[in-house]
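Written below as structure tokens is the structure these notes are about.
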Amino acid sequence: MKYTLTICFLLAAGIAVAQNKYGLKTIRLEQYRQSLKDHPEKELVRIDKEIPGILLDIRYATTDNFLGEVIYTMPRAYARKPVVAALKKIQAVLRKQGLALKIFDGYRPYAATVLFYERAHDTTFVASPYRGSKHNRGCALDLTVIRLSTGAELKMPTPWDAFMKEASPTYPIQDAEARANRDMLIAVMEKHGFKVYENEWWHFDFVGWENYEVMDINFEELGD
């Protein structure tokens with residue numbers, strides 16, 4: 001309902017909203033810029049600029065992903081301002097334990113979600129283009145935890161983006177170390193305003209994502 005009201009507001013304000021072949025209304029660059037005049041908190045910001053020292057491993061800017069091809073032309077991670085503010089607090093908590101976050105993905109243009117769906121034909125690990133992804137709203141993050149001393153990832157139940165049942169955050173894995181690391185990550189993320197996705201231990205949605213629009217703006221358009 002909130003999303004519908006937001007779209008109505010944009011239309012009433014004279015802000016055009018694009019509609020694609022799946023019938024989903026998406027926001028493009030000009031509409032996004034106009035919306036920031038009344039809602040500056042919705043700005044997409046670069047995570048590495050707001051949280052110096054955070055590690056990025058943007059696999060969709062490489063061929064090391066489930067499609068085996070480059071999806072993003074820039075290895076960048078963006079998220080809405082409140083999302084990044086919460087992430088900054090989490091990073092501070094982890095650093096006290098000698099740990100830090102590694103980001104695999106943040107904001108994702110809607111066109112990438114369409115590509116994933118049309119290649120994978122899956123809606124368990126890939127978002128439906130009829131609804132869009134929380135990534136398209138700038139309100140989802142794919143991430144893990146590393147040790148500051150070595151940069152090595154903590155042991156987790158599966159690799160990132162593994163399309164397997166063991167990727168579920170509630171899967172009863174036998175490996176005690178991986179289970180403890182997974183549960184620790186989920187606990188710290190959920191304490192600071194995120195909710196883990198039911199099929200992926202690495203995917204976290206920002207609570208309140210419904211208040212943000214689905215966007216189809218590429219990284220080159222966003223800039224710094």
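Just a few scattered comments:
- Output for the range 17-45, where each listed residue is surrounded by fewer than 19 Cβ atoms within 10 Å (Cβ to Cβ), modelled with pLDDT of 95 or more and not in a helix (DSSP H, G or I): 28, 39, 43
- Residue under evaluation residue 115, criteria (1) surrounded by 13 or more Cβ atoms within 10 Å (Cβ to Cβ); (2) in contact (Cβ under 8 Å) with a residue 60 or more places away in the chain, criterion not met: (2)
- Per the listing 57, 48, 122, the residue uniquely among the acidic types (Asp, Glu) and modelled with pLDDT under 95 is 122.
Per-residue answers, yes or no, for (1) more than 29 Å from residue 39 (Cβ to Cβ); (2) free of Cβ contacts under 8 Å to residues at least 60 places away in the same chain; (3) assigned to a loop (DSSP other than H, G, I, E, B):
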{"site": "124", "(1), (2), (3)": "yes, no, yes"}
{"site": "141", "(1), (2), (3)": "no, no, no"}
{"site": "146", "(1), (2), (3)": "yes, no, no"}
{"site": "151", "(1), (2), (3)": "yes, no, yes"}
{"site": "160", "(1), (2), (3)": "yes, no, yes"}
{"site": "188", "(1), (2), (3)": "no, no, no"}
{"site": "203", "(1), (2), (3)": "no, no, no"}
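- Being under 28 Å from residue 213 (Cβ atoms), acidic (Asp, Glu) and modelled with pLDDT of 95 or more is a property that holds for residue 142.
- The range 18-73, residues that are among the aromatic types (Phe, Trp, Tyr) and within 15 Å of residue 114 (Cα to Cα): 22, 60, 66, 72
- Residue within the range 171-178 that is in contact with a Pro (Cβ under 6 Å, 6 or more places away or on another chain) and in a helix (DSSP H, G or I) present: yes
- Scanning the range 66-112 for residues that are surrounded by 15 or more Cβ atoms within 10 Å (Cβ to Cβ), of a type in the set (D, E, K, R) and either part of a strand (DSSP E or B) or without any contact (Cβ under 8 Å) to a residue 12 or more places away in the chain (or both) returns 80, 102, 105.
- Residue 172 meets the stated requirement of being over 18 Å from residue 86 (Cα atoms) and either free of Cβ contacts under 8 Å to residues at least 40 places away in the same chain or of a type in the set (Val, Ile, Thr) (or both).
The values are calculated or read from the model by the stated rules, or taken from the named source; none is laboratory data. As the structure is a computational prediction, the values presented were derived from the model and not from experiment. With ideal geometry, Cβ positions are generated from the backbone for all residues, glycine too; neighbour counts draw on all protein chains shown.
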